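*Asks:* One structure, as structure tokens, below. Some questions next.
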Amino acid sequence: MKKQIHFLPGLLCVGAVWLALALFCWFHPAQELSLSERRKLAQFPSPDVHSVLSGEFIPDFEEYTLDQFPFRDSFRTLKAVWTFYLFGQKDNNNIYIADGYAAELAYPLKEGSAAAAADKFTALYNRYMAGKVNRVYLSIVPDKGYFLAEANGYPSMDYRRLAEIMREGMPFASYVDITGHLALSDYYKTDTHWRQEKILDVANALVDAMGSDSAARGDYLEKTADIPFYGVYYGQSALPMAGESIRYLTNETLEACTAYHVETGQAAAVYDMEKLHSRDPYEVFLSGASPIVYLKNPNAASDRELLLFRDSFGSSLAPLLAEGYAKITLIDIRYIAGDYIGDYIDFDGQDVLFLYSSLILNNSTMLK
Amino acid sequence: MLLASLFFYTWGEPKYIILMLASILLGYGFGRLIQAFEKTMWAKVFLSLSIVSGLGLLGVFKYADFSIQTFNRLTGSQFPLLKIALPIGISFYTFQILSYTMDVYRGTVKAQKSPLKLATYVALFPQLIAGPIVRYADVAAQLDARESTPERLYTGLRRLILGLAKKVLLANTLGELCAVFRASGEKSVLFYWIYAVAFSLQIYFDFSGYSDMAIGMGRMFGFDFLENFNYPYISKSITEFWRRWHISLSSWFRDYLYIPLGGNRVSLPRWLLNIALVWALTGLWHGAAWNFALWGMCFAVLLIAEKLGLGALLKKLPPLVSHGYVLFFVVLSFVLFNASGLGGARQDLSAIFGLSGLPFSAEQTLYYLRSYALVLLAAMVGSTPLCRDALSRIRSSGRGERLIRMAEPPVLIVLLLTASAYLVDGSFNPFLYFRF
């Protein structure tokens, strides 16, 4: 009997924790969204005879139990802490933190992916732009790994080879190397993106390369959003990182500009303040992902137009190019197939800039 | 217990619950008949029918397409595959039922009169889908009367959590390394060796972790399952390895196939055939592909060599050499085991010995070696009895025992929460052996 008593405290402690976890799992109210992971969470699957007998119900239920696990973010942090600090692993879910910056392991270079991207852009050029537009430019936005990986012992993509593949695949485009105008501090610590207030050098380099009027460079007022920004890597790394501030640059020109979204048929301001309180506050820049946006500058000194084939990095860059153009058409071919672009754009004498990040070019299957 | 076990099985495999119940019913019926006609020719007939029906079902569901593919390859035919889904746990519960009817035939146990109790034995959820293969004799008494004490509950819970930690924290993490290796376009000889060691450790912690969970849960419910792993990686011979690895399976083949075939009490050629047959089947039990059969045959060759003199030599060699011999062949065998067929096995084994033109090392190799070094080290240490022995030494004093008693629950709670954290962060989490 005495021996049995010895086991009671341990049994009650561990059993209580197990029971508490079980009760939390069963009775914790289901959440719809994960703000840290920026996605919808799986909901309880509807059980019916077909889904149960076919075996579909069980995997859906398992996904639901994991997604709806109580204190999910805290548990993910526990896992991240164990991974990094106990097991000494260098990345967690392919996200690593070095010099205070979270970045994604972007390795190795998928030459096929880059070549496929160049082929897609070339096909678009041949179909719509050859002989119709002004000059075509290409620029690649390096991801943070460019600055972090090799210096901190992480495998590093061959960025030089990436640029080589893109240049060889797009001989009609003039390549603009912006890496010399960027540093690690120009990026958010917890997000993939660069900071708009830090890329004026990049904007000016592009403006120079495209032969835009130097007088078109504007002076800006830097404003800070009143909410802390936790970027996409914050959620993916699941580590406690400090929130950052989103800053944006504005002036009279930009305040007069309008951004017309073809998909919704709505016009909006260049900076969509409502998005600061959304799942991804970075969408403050031109309201985030959109297939085609017309950014119109009524106060432009000329009627020059720019076609900007871009990814999300272009959202924060385009306003800094607006001074020199009456209209910038932003095209995101992740959201619109090349076959339909001609329905919305009249190709006639514009400058063309293909501006994509190394991460997109290395995973170009998302380009339609 | 039976209802819970059937619900558990139906939850994971709703279509084939009927198959398992049918197998149980056949086992029950044949067991009763064997006992009713004991010591007559009819007992042998019913035993044969039990074996044929059990292995027949296993053959259809697990080996039909393998047989068709092999026949097609050998003859150039193009018979279509049946594409029958493999029922979860069929290899385990079939062998349990067969061991039951064979034990009834041998008189080792009395036939169970209650179909519900026999069904409980076969379908017992802690060990149903991934073992250990429990002998009826080991749990017969407990089917009728079990006790649940604080000691059993706590020690069972402890074993369950430790098994969960082994599986989730170590096996799954090592599995990630293996997956990275497989997906890598920058393989090297060193990466192959890292993968081979990682997989050998992954499969050990996956399977032994699951066995710990089964044994722990069984203990909580009043059942005492036999140990299934006994630190196999400290073995000094392959013979010893197989007395420590998946003990319930190797002992099953020994007791129900090898010994009935005559074991080693036959002529030399017959003995060699017995070993070859047993190990080919042991390999095929793990998977319906020729690389599994080859895996089993490799062990047959080594076991024969050890019985013919190598074993005696190994005993004279320094332990480091004999350990090295075992680990070398076991690690290579798992490369064969995890290959995608014979072609994949040839490719992997060529590469691991530098015969594929791969560089010795590469940037990605060194990165993952640095990243997983601690995990690999922890796994290597954990695969030895070092921790167990250290705890035993601490426990040997009264003060040490009290210290362990106080420290153990918080450690178990941390492991439980961390394992939960890993599961939450991941997604689908299959046990490696659950499709056998």
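*Asks:* How high is the relative contact order of segment B:294-372, in percent, with contacts defined as C-alpha pairs under 8 Å that are six or more residues apart?
*Replies:* 21
*Asks:* Any lysines with Cα under 28 Å of the A:LYS368 Cα? List them, leaving off those in the same chain fewer than 8 positions away.
*Replies:* Excluding near neighbours in sequence, the set is A:LYS40, A:LYS110, A:LYS120, A:LYS132, A:LYS144, A:LYS275, A:LYS296, A:LYS327.
*Asks:* Moving on. Along the charge dipole of segment B:279-436, Cβ charges K/R +1 and D/E -1, which of B:LEU374, B:SER397, B:LEU317 sits furthest on the positive end?
*Replies:* After comparing all options, I get B:SER397.
*Asks:* Right, next: Please give the average number of partner chain Cβ atoms lying within 10 Å of the Cβ of each residue in B:412-420, rounded to a whole number.
*Replies:* 5
*Asks:* Are there any residues in segment B:7-39 with a reduction of at least 10 Å² in accessible surface when going from the isolated chain to the assembly of protein chains? Probe 1.4 Å, please list them by number.
*Replies:* Residues passing the criterion (a loss of at least 10 Å², heavy atoms only) are B:TRP11, B:PRO14, B:LYS15.
*Asks:* When the solvent-accessible surface of protein heavy atoms is calculated with a 1.4 angstrom probe, in what order do A:ARG135, A:ARG334, B:ARG395, B:ARG265 fall, highest first?
*Replies:* Heavy-atom accessible area, descending, gives B:ARG265, A:ARG135, B:ARG395, A:ARG334.
*Asks:* If you add up the charges near B:TRP242, with Lys and Arg at +1 and Asp and Glu at -1, over every other residue whose beta carbon is less than 13 angstrom from its beta carbon, what do you get?
*Replies:* +3
*Asks:* Suppose accessible area is computed on protein heavy atoms with a 1.4 Å probe; arrange A:HIS28, B:HIS246, A:HIS277 from highest to lowest.
*Replies:* Ranked from most to least accessible, the order is A:HIS277, A:HIS28, B:HIS246.
*Asks:* Using a 10 angstrom cutoff on alpha carbons, build the Gaussian network for chain A and name the most mobile of A:PRO47, A:PRO171, A:PRO228.
*Replies:* Judging by the Gaussian network model, the answer is A:PRO47.
*Asks:* Please check segment A:46-70 for residues whose accessible area, probe 1.4 Å, is lower by 40 Å² or more when all protein chains are in place than in their chain alone.
*Replies:* Output list: A:LEU53, A:ILE58, A:LEU66.
*Asks:* Please say if segment A:287-368 is rounded, prolate or oblate, where rounded means a/c under 1.5 for a ≥ b ≥ c the square roots of the C-alpha gyration tensor eigenvalues, and otherwise the choice is prolate for a/b larger than b/c and oblate otherwise?
*Replies:* prolate
*Asks:* Taking all protein chains in place and a 1.4 Å probe, what share, in percent, of the accessible surface of segment B:270-426 do carbon and sulfur account for?
*Replies:* Of the solvent-accessible surface of segment B:270-426, carbon and sulfur hold 73 percent.
*Asks:* Using heavy-atom solvent-accessible surface (probe 1.4 Å) with all chains present, what is the largest-first order of B:ASP103, A:ASP73?
*Replies:* The ranking, largest first, comes out as A:ASP73, B:ASP103.
*Asks:* How much net charge surrounds A:ILE345 when only the other residues with a Cβ under 12 Å from the Cβ of A:ILE345 are counted, with Lys and Arg +1 and Asp and Glu -1?
*Replies:* Cβ neighbours under 12 Å give a net charge of -1.
*Asks:* Quick check: at a probe of 1.4 Å, how many percent of the accessible area of segment B:1-104 sits on carbon and sulfur atoms?
*Replies:* Using a 1.4 Å probe with all protein chains present, segment B:1-104 comes out at 72 percent carbon and sulfur.
*Asks:* Restricting to Cα pairs below 8 Å that are 6+ residues apart, what does the relative contact order work out to for chain A? Please round to a whole percent.
*Replies:* Relative contact order here is 17 percent.
*Asks:* So what does the Cα-only Debye profile of chain B read at q = 0.06, 0.08, 0.09, 0.11 Å⁻¹, as log10 I(q)/I(0), no solvent term?
*Replies:* The calculated log intensity ratios at q = 0.06, 0.08, 0.09, 0.11 Å⁻¹ are -0.28, -0.50, -0.64, -0.98.
*Asks:* Can you list the residues, at least 5 places off or on another chain, whose amide H is less than 5 Å from the amide H of A:ALA268, using H built in the peptide plane?
*Replies:* A:ALA259, A:TYR260, A:HIS261
*Asks:* Also, quick follow-up: Using a Gaussian network model of chain A with C-alpha springs under 10 Å, which one of A:GLY342, A:GLY231, A:GLY169 is most mobile by mean-square fluctuation?
*Replies:* So, out of A:GLY342, A:GLY231, A:GLY169, the one fluctuating most is A:GLY342.
*Asks:* In straight Cα distance, which lysines are under 30 Å from B:LYS236, not counting same-chain residues fewer than 8 positions off?
*Replies:* Partners found: B:LYS166, B:LYS167, B:LYS307, B:LYS315, B:LYS316.
*Asks:* Over the alpha carbons of segment A:39-169, what is the largest minus smallest coordinate on each principal axis, giving the biggest first in Å?
*Replies:* 59, 44, 22
*Asks:* What percent of all Cα-Cα pairs in chain A falls into each 20 Å bin, going from 0 up to the bin containing the maximum distance?
*Replies:* With 20 Å bins starting at 0, P(r) equals 25, 51, 19, 4, 1.
*Asks:* Here's something else I'd like to know. With the solvent-accessible surface defined on protein heavy atoms using a 1.4 Å probe, which residues belonging to segment B:128-175 display a reduction of at least 40 Å² in accessible area in the multichain context relative to the isolated chain?
*Replies:* The answer is B:PRO150, B:GLU151, B:TYR154, B:LEU157 - residues whose exposure falls by at least 40 Å² when every protein chain is included.
*Asks:* Run the helix sum for chain A: -39,500 (n - 2.57) per DSSP H stretch of 4+ residues, divided by residue count, reported at 222 nm to the nearest 500 deg cm²/dmol.
*Replies:* -9000 deg cm²/dmol, from helical runs alone.
*Asks:* A follow-up question, please. If you take the accessible area of B alone plus A alone and subtract the pair, what total do you get in square angstrom, rounded to 100, with a 1.4 Å probe?
*Replies:* Roughly 4000 Å².
*Asks:* If you don't mind, another one. I want the local charge near A:ARG334. Using Cβ-Cβ distances under 12 Å, sum +1 for each Lys or Arg and -1 for each Asp or Glu among the other residues.
*Replies:* Here the charged neighbours net out to +1.
*Asks:* On to the next question. Could you state the accessible area per residue of segment A:99-172 in Å², with a 1.4 Å probe and every protein chain left in place?
*Replies:* 43
*Asks:* If you don't mind, another one. Pop out the carbon and sulfur fraction of the accessible area of segment B:115-231 as a percent, whole number, probe 1.4 Å.
*Replies:* The computed percentage sits at 61.
*Asks:* Continuing with the same structure: Total Lys pairs in segment B:1-152 closer than 16 Å by alpha-carbon, pairs eight or more apart in sequence or interchain only?
*Replies:* So the count of such lysine pairs works out to 5.
*Asks:* What accessible area per residue, rounded to a whole number of Å², is obtained for segment B:148-201 using a probe radius of 1.4 Å?
*Replies:* Result: 27 Å² of accessible area for each residue.
*Asks:* Which one, A:LEU254, A:LEU276, A:LEU33, has the greatest fluctuation when you compute a Gaussian network model over chain A with C-alpha springs under 10 angstrom?
*Replies:* Maximum among the listed residues: A:LEU33.
*Asks:* Further question: May I ask you to derive the relative contact order of chain B, considering only C-alpha pairs under 8 Å and at least 6 residues apart, and to give it as an integer percent?
*Replies:* 18
*Asks:* Compute the length gained on full extension between A:VAL81 and A:ALA242: take 0.36 nm times their separation in residues and subtract their Cα-Cα distance, giving the result in nm to one decimal.
*Replies:* 56.4 nm is the gain from fully extending A:VAL81 to A:ALA242.
*Asks:* Roughly how many Å² is the accessible area per residue of segment A:228-298, as a whole number, for a 1.4 Å probe?
*Replies:* Roughly 42 Å² per residue, with all protein chains present.
*Asks:* Per the Kirkwood formula on distinct C-alpha pairs, the Rh of the protein assembly as shown is how many angstrom?
*Replies:* 30.9 Å is the Kirkwood radius here.
*Asks:* Given the rule -39500 (n - 2.57) for each run of at least 4 DSSP H residues, summed and divided by the residues of chain B, what is its mean residue ellipticity at 222 nm, to the nearest 500 deg cm²/dmol?
*Replies:* Taking each H run of at least 4 residues, the total per residue is -22500 deg cm²/dmol.
*Asks:* Treating only the Cβ of Lys, Arg, Asp and Glu as charged (+1, +1, -1, -1), what charge dipole size does chain A show about its Cα centre? Round to the nearest 20 debye.
*Replies:* The calculation lands at about 1040 debye.
The values are calculated or read from the model by the stated rules, or taken from the named source; none is laboratory data. Source: prediction; values computed, not measured. Here the Cβ is made from the backbone with ideal geometry for all residues, glycine too, and neighbour counts use every protein chain on show. What goes into the accessible areas is simple: the full protein's heavy atoms, side chains included, and nothing from ligands, DNA or RNA. Shrake-Rupley method; radii C 1.70, N 1.55, O 1.52, S 1.80 Å.
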